[in-house]
Each structure stands twice: as C-alpha cells, then as structure tokens.
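What follows is a short report on a single structure.
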Amino acid sequence: MSTVERLSLAAIGASAVLLALLERILPYTKDQTFFREGFFDDFALYTIAQNYALSIVIFSIVIARLDAIGDFSRLHLLAHWPLWLQVSVFVVTHDFYIYWMHRWQHRNRFMWRLHEAHHSPTSVDWLSGSRSHCVEILINQTVEFAPIVLLGASPDVIPLKGAISAVWGMYIHSNLNVHTGRLQWVINGPEMHRWHHAMGKGMRSNFATKLAVWDWMFGTAYLPSDQRAKDYGVRTWFPKHYVSQTLYAFRPFHRAARPASVMAPNLALDSDTASAGDI
C-alpha cells in the first residue's frame with residue numbers, strides 16, 4: 001500500500017470519527033441515536049463487505065478488461081498534468097455525471113429500483129449514505145474510476161478521488177446542524193441534502209453531491225429557510241436487512257388496472273412507479 005493510499009484511508013477513518021462526534025455535539029435531529037436501525041448492515045455489510053467485493057470486481061475485472069481491449073492506459077494521456085489538476089478534473093466531471101444520473105434514478109422506474117435502498121434509512125447520518133444497491137455502485141464507480149485508469153492518470157488519483165468521495169458522502173448525510181450561508185450555493189452539504197432524503201417536495205430536488213451549483217444552475221435546488229427536514233425514508237414498505245434489500249430491487253413490476261379512457265402513452269404502467277414519481 002502506497003503512502004497516498006494509507007493517508008487516504010486515514011483521512012476517511014478520521015473523518016468518520018469526527019463527524020460521528022460532531023453529531024453528538026451539534027445534532028440537527030436531537031433525539032437521533034448512534035446505533036439506529038440498520039447501523040450494523042450499513043457499517044459491516046454495505047461499507048466494508050460490499051465495498052471490498054465491488055472494488056475487486058470494478059478494478060480487477062471490469063476496468064482491467066476495458067483496458068485490455070485497447071490498452072489505453074499505456075498512452076498516459078494525463079500523466080504530465082499536475083496531480084491537483086488531475087484530481088480536480090475527475091472530481092468535477094464525475095460530479096456532473098452523478099447529478100444527471102441521480103435525476104434519472106428518480107424519474108425512471110427501473111433506475112429507482114436500484115436507488116431505492118439509498119433512500120430507505122429513516123434516520124440520516126454520517127453512515128446512512130453508504131447504503132446503496134450493489135448494481136448502482138457497480139455502475140457509478142466504474143464510471144468514476146475507469147476514465148482515471150484508461151486516460152493514464154497518476155495512480156495516486158484513485159485513492160485521492162476515492163477519499164474525497166467517501167468523506168463528502170459522509171458529510172452531506174451527517175446529522176449536523178450547520179449553516180454555511182452563501183457557500184451552500186457552490187459547495188453541497190447536509191443543509192440541502194437532508195431535504196433530498198426527507199419525504200416531500202425536497203425529495204424531487206437537491207440531486208447534487210459535491211457541488212450544489214448544479215442544482216441552482218438547472219433549477220432543482222430546494223432550501224426553505226422557515227422549515228425543518230423530517231420524516232426520512234421511502235413511502236412504501238422496504239426490507240430491513242442487506243440481503244433482502246439487495247434482492248428486493250429485482251421484484252416484478254405490477255401492472256396497475258385503469259380505465260382505457262384514461263390511458264395515455266409515456267405514463268407509469270405499474271403501482272411501483274408511484275414510489276419514484278411521487279418523490
């Protein structure tokens with residue numbers, strides 16, 4: 001393990017401890033417990049087991065085979081760029097992709113099935129953001145890391161980019177009562193993202209991860225100053241444990257019966273779509 005990899009892991013671990021402590025000191029939801037429902041699954045199964053297994057699949061199988069097709073990484077197209085610039089470019093471009101991917105997941109019934117698990121925690125905290133379906137992670141992290149490898153960027157970009165994503169993900173989901181003012185117009189934080197996890201109008205908004213500017217730019221920002229976010233989770237029943245949550249995404253769609261006179265093209269055809277269309 002390289003020095004950069006060790007430092008990146010240390011940064012992730014230290015950030016997790018710091019955010020967990022700050023949640024005890026400056027909580028947004030004051031009665032939220034540390035060992036809330038689903039804590040074990042989110043920590044042991046999603047964060048550790050699933051991420052470890054998927055990292056092997058993504059890097060050793062998917063990206064390795066993509067690179068073997070054209071041996072793109074040997075060109076080292078970005079290797080001469082300064083490291084900070086390489087990291088910055090991949091952070092911004094991937095964040096732009098995630099914004100649009102995230103919007104699609106909330107508007108397409110098939111993609112919502114993969115994203116539903118991420119919205120299922122009824123308590124939002126530093127750890128809850130790790131709950132994401134394995135297929136969703138497989139897609140998004142392949143898109144995140146494949147260009148880094150295929151464009152021949154520095155090997156240090158991967159652990160640095162991974163650490164930024166992990167720390168930022170913990171931060172925006174943290175149960176912190178923070179107020180960053182105008183900075184929230186550019187840098188995303190829990191102020192906006194907690195509304196995305198609250199059932200109601202906010203769930204159809206605030207799709208950005210790192211840069212809130214995407215939401216303000218494309219008209220999906222929601223940040224009321226006179227209300228408090230609450231009632232997190234999904235409206236329909238959802239399994240409580242990892243294996244059943246993973247399998248639940250592949251349940252069949254049920255066609256909803258409706259009079260022929262009200263049928264129209266491009267409308268939802270099953271009752272499950274309401275969970276995506278209403279969010």
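Observations
- Each stretch of four or more DSSP H residues adds -39500 (n - 2.57); spread over every residue of the chain, this sum gives -14500 deg cm²/dmol at 222 nm.
- In the assembled protein chains, residue 56 presents an accessible area of approximately 70 Å² (probe radius 1.4 Å).
- Most fluctuating residue given options 42, 215, 231, as computed from a GNM of the chain linking Cα atoms under 10 Å: 231
- Between the C-alpha center of the stretch 193-241 and that of the stretch 57-91 there is a gap of 33 Å.
- Gaussian network model of the chain, Cα within-10 Å springs - most flexible of 28, 232, 52: 52
- Relative contact order of the stretch 83-197: 28 percent, from C-alpha pairs under 8 Å at least 6 residues apart in sequence.
- Cross-link partners of residue 30 among lysines (Cα-Cα below 17 Å; sequence separation of 8 or more within a chain): 230
- For the chain, built as a Gaussian network whose Cα springs stay under 10 Å, the top-fluctuating residue of 60, 174, 154: 60
- Solvent-accessible surface ranking, highest first, for 93, 180, 142 at 1.4 angstrom: 93, 180, 142
- Shape call, the stretch 1-100: gyration tensor on alpha carbons, a/c limit 1.5: prolate
- The overall shape of the stretch 38-144, judged from the alpha-carbon gyration tensor, is prolate: a/c is not under 1.5, and a/b is greater than b/c.
- Average Cα contact separation per residue, the stretch 138-206, under 8 Å, 6 or more apart, as relative contact order %: 19
- Prolate/oblate/rounded label for the stretch 105-160 (Cα gyration tensor, a/c 1.5): oblate
- From phi via Karplus (6.51, -1.76, 1.60), per-residue ³J(HN,Hα) for the stretch 28-45 in Hz, x at Gly/Pro: 7, 9, 6, 9, 7, 7, 6, 8, 7, 4, x, 4, 4, 4, 5, 7, 7, 9
- Mean Kyte hydropathy of 0.0 or more with a Cα span along the axis of at least 18 Å, helices from DSSP in the chain: 3-25, 83-105, 134-150, 157-173
- What a 1.4 Å probe finds exposed on the chain is 68% carbon and sulfur by accessible area, rounded to a whole percent.
- Rolling a 1.4 angstrom probe over the protein heavy atoms with all chains in place gives the chain an accessible area of 52 Å² per residue.
- For the chain, the relative contact order comes to 24 percent (Cα pairs under 8 Å, sequence separation of at least 6).
- C-alpha center-to-center spacing [the stretch 1-35, the stretch 144-167] in angstrom: 21
- Dipole check for the chain: with +1 at the C-beta of Lys and Arg, -1 at the C-beta of Asp and Glu, and the Cα centre as origin, the magnitude is about 520 Debye.
- Rounded to the nearest 20, the size of the Cβ-charge dipole of the stretch 38-193 about its Cα centre is 340 debye, with Lys and Arg at +1 and Asp and Glu at -1.
The values are calculated or read from the model by the stated rules, or taken from the named source; none is laboratory data. Values in this document were obtained by computation on a predicted structure and should not be read as measured data. As a convention, Cβ positions derive from the backbone with ideal geometry for all residues, glycine included, and neighbour counts pool all protein chains shown. When the accessible area is computed, the model is the full protein with side chains, heavy atoms only, and any ligands, DNA or RNA have been set aside. Shrake-Rupley method; radii C 1.70, N 1.55, O 1.52, S 1.80 Å.
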